[in-house]
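Single-structure report; data block below.
The values are calculated or read from the model by the stated rules, or taken from the named source; none is laboratory data. Given the structure is predicted, the values throughout are model-derived calculations rather than measurements. Glycine also receives a Cβ, built like all others from the backbone with ideal geometry; neighbour counts cover every protein chain displayed.
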Amino acid sequence: MRVIPALEPSGRTDHLYQQFLEVLENQGFKGELRQDYGTRLVTSTDNSIYQVMPQAVIFPKDTDDLKLVLELSSEDRFQKISLTPRGGGTGTNGQSLTEGVIVDCSRHMNQILELNLDQGWVRVQPGVVLDQLNDFLMTHGVFFAPNVSPSSRATLGGMINTDACGKGSRIYGRTSNHILELNCVLSNGESMCSVLINQDSVEEYKLMTGIQGEIYRTVDEVVRSRKKLIHDTFPRLSRFMTGYNLAGVLNADESTFNLNALLSGSEGTLAFVSEARLRLTRIPRERLLLVVHYGSFDDALRDASRLVESDPAAIETLDEKILTLAKKDEIYPRVQKWVEDPEGRPTRTINLIEFSGDEITELEKKIHPICEEILKKRDTPGEAHGFFITDKAREILELWNLRKKGVGLLGNLPGER
């Protein structure tokens, strides 16, 4: 098996970056400034196939540190300094990798700051991990709905920067659908608070002096003057992660203006998030998980359109490659009886279909027609040949953990990288 080749220790950080770090320290930066080879090597990879060695890694202590970093980088002498925010390093496209400076908020800026259950929101710093937040919220009967597979490592700042979504996105949408307010630091070190505003407020914001007024004037001009081009260009998809979401700035009747739609998914290129106020969702009382067995991936994919009609909270497919790799993983003995056909029919792909709500009887009404159809057609070529149903929290968790392992299992395949 060939792995990513080792990077050669590059010795000292380049002079310009060294000078930048020295000035930061002298100006009262409170966090950590790291340029040792070990720290740089660890942050030269993420969950992608790429490896890029940074010049240094910065761990800001608070918002003042972030402001200091960006204000200093805006000076003429440091115009060539490149800054890239990093969360949990779970991105699969190399978004957090850079040959410049990594700014990692996960070490110190990782606090849950405020919870308002009456109004249904929570305020967090960007380094808070998704599982950390939802574990805290669970006792209150609410959760942050966008879900990603690496939830034990993914930070809220990273999810905002990539507009992340995953299991349950067909009902709950993307991260941007749950953002109420973003506190950001702009490229010149200024702070900015962004919330949904009406058109009268937009006109007031456009009169502001400095970079913030310029932002509102520019964005408003672009989304209005190029409205047709934006409408014709942007796909009508519930899940996508490419480009700035200009289509989401104005609502349908153009009565509201939401800069957060643009900031979310911008991968830190427009501003660095220092705090976020996020909408919370009540945890459903009941959950049912249906595991459907198929003889091929094509059969499972073809069946998905029928399954979606039953309005599940989530539907995910695990193909033969992942199931085969899972057999060598420690999790497989715990899920084997649910993903293999008890009558010995070859199961090469499964669909996981979850239903959630407050009444179990309503969920059963959705699931029973699917099961009856499977039983009726199970011996027909190209149709599903079996299923498993559970409402037990432990079993549901184990099956979704199998799904979460998918990227890691594929990433460990032998061969060139």
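Key figures for this structure:
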{"item": "Condition check for Asp36: in contact with a His (Cβ under 9 Å, 6 or more places away or on another chain) and within 23 Å of Gly89 (Cα to Cα)", "result": "no"}
{"item": "Output for the stretch 272-286, where each listed residue is of a type in the set (D, E, K, R) and either over 30 Å from His140 (Cα atoms) or surrounded by fewer than 19 Cβ atoms within 10 Å (Cβ to Cβ) (or both)", "result": "Arg279, Arg282, Arg285, Glu286"}
{"item": "Identity of the residue in the stretch 97-114, crowded, with 18+ Cβ neighbours inside 10 Å and not in a loop (DSSP other than H, G, I, E, B), that ends up farthest from the chain's Cα centre (by Cα)", "result": "Val101"}
{"item": "Residue that is farthest from Asp298 (Cα to Cα), among those in the stretch 336-358 that are of a type in the set (A, V, I, L, M) and part of a strand (DSSP E or B)", "result": "Ile353"}
{"item": "Failed item in (1) assigned to a helix (DSSP H, G or I); (2) within 30 Å of Ser151 (Cβ to Cβ), with Gly88 passing the rest", "result": "(1)"}
{"item": "Exclusive hit being in contact with a Cys (Cβ under 8 Å, 6 or more places away or on another chain), in contact (Cβ under 8 Å) with a residue 60 or more places away in the chain and either polar (S, T, N, Q) or assigned by TED's automatic domain parsing to the domain that holds Ala164 (or both), set Ser266, Ser274", "result": "Ser274"}
{"item": "Answer residue from the stretch 292-319, given it is of a type in the set (A, V, I, L, M) and over 18 Å from Gly166 (Cα atoms) and is surrounded by the most Cβ atoms within 10 Å (Cβ to Cβ) among those", "result": "Val292"}
{"item": "Subset of the stretch 280-310 that is of a type in the set (Lys, Arg) and assigned to a helix (DSSP H, G or I) - its residue that is farthest from Ile360 (Cα to Cα)", "result": "Arg302"}
{"item": "Residues that are outside any loop (DSSP other than H, G, I, E, B), surrounded by 12 or more Cβ atoms within 10 Å (Cβ to Cβ) and of a type outside the set (Phe, Trp, Tyr), drawn from the stretch 26-41", "result": "Glu32, Leu33, Arg34, Thr39, Arg40, Leu41"}
{"item": "Test: residue in the stretch 337-351 that is among the hydrophobic types (A, V, I, L, M, F, W, C), surrounded by 15 or more Cβ atoms within 10 Å (Cβ to Cβ) and modelled with pLDDT of 95 or more", "result": "yes"}
{"item": "The stretch 359-417, residues that are hydroxyl-bearing (Ser, Thr, Tyr), under 21 Å from Pro284 (Cα atoms) and outside any strand (DSSP E or B)", "result": "Thr361"}
{"item": "Residue under evaluation Gly94, criteria (1) surrounded by fewer than 21 Cβ atoms within 10 Å (Cβ to Cβ); (2) modelled with pLDDT of 95 or more; (3) not β-branched (Val, Ile, Thr), criterion not met", "result": "(2)"}
{"item": "Single condition Val122 does not satisfy, out of (1) assigned to a loop (DSSP other than H, G, I, E, B); (2) under 25 Å from Asp64 (Cα atoms)", "result": "(1)"}
{"item": "Residue, farthest from the chain's Cα centre (by Cα), within the stretch 79-91, restricted to residues that are more than 13 Å from Phe272 (Cα to Cα) and surrounded by 16 or more Cβ atoms within 10 Å (Cβ to Cβ)", "result": "Ile81"}
{"item": "Condition met for Ser176 (within 20 Å of Ile283 (Cα to Cα) and either of a type outside the set (A, V, I, L, M) or part of a strand (DSSP E or B) (or both))", "result": "yes"}
{"item": "Count of the stretch 133-184 residues which are more than 19 Å from Met109 (Cα to Cα) and either among the hydroxyl-bearing types (Ser, Thr, Tyr) or in contact with a Cys (Cβ under 6 Å, 6 or more places away or on another chain) (or both)", "result": "8"}
{"item": "Check on Glu254, under 30 Å from Val101 (Cβ atoms), out of contact with any Gly (no Cβ under 9 Å at 6 or more places or on another chain) and not assigned by TED's automatic domain parsing to the domain that holds Ala393", "result": "no"}
{"item": "Candidates Leu16, Leu21, Leu66, filtered to the one that is within 22 Å of Ser191 (Cβ to Cβ), modelled with pLDDT of 95 or more and out of contact with any His (no Cβ under 9 Å at 6 or more places or on another chain)", "result": "Leu66"}
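Here's the yes/no breakdown for (1) small (Gly, Ala, Ser); (2) surrounded by 14 or more Cβ atoms within 10 Å (Cβ to Cβ); (3) under 26 Å from Gln95 (Cβ atoms); (4) touching a residue at least 24 places away in the same chain (Cβ under 8 Å):
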residue	(1), (2), (3), (4)
Gly166	yes, yes, yes, no
Gly173	yes, yes, yes, yes
Ser191	yes, yes, yes, yes
Ser201	yes, yes, no, yes
Glu221	no, no, no, no
Asp232	no, no, no, no
Leu237	no, no, yes, no
Asp253	no, no, no, no
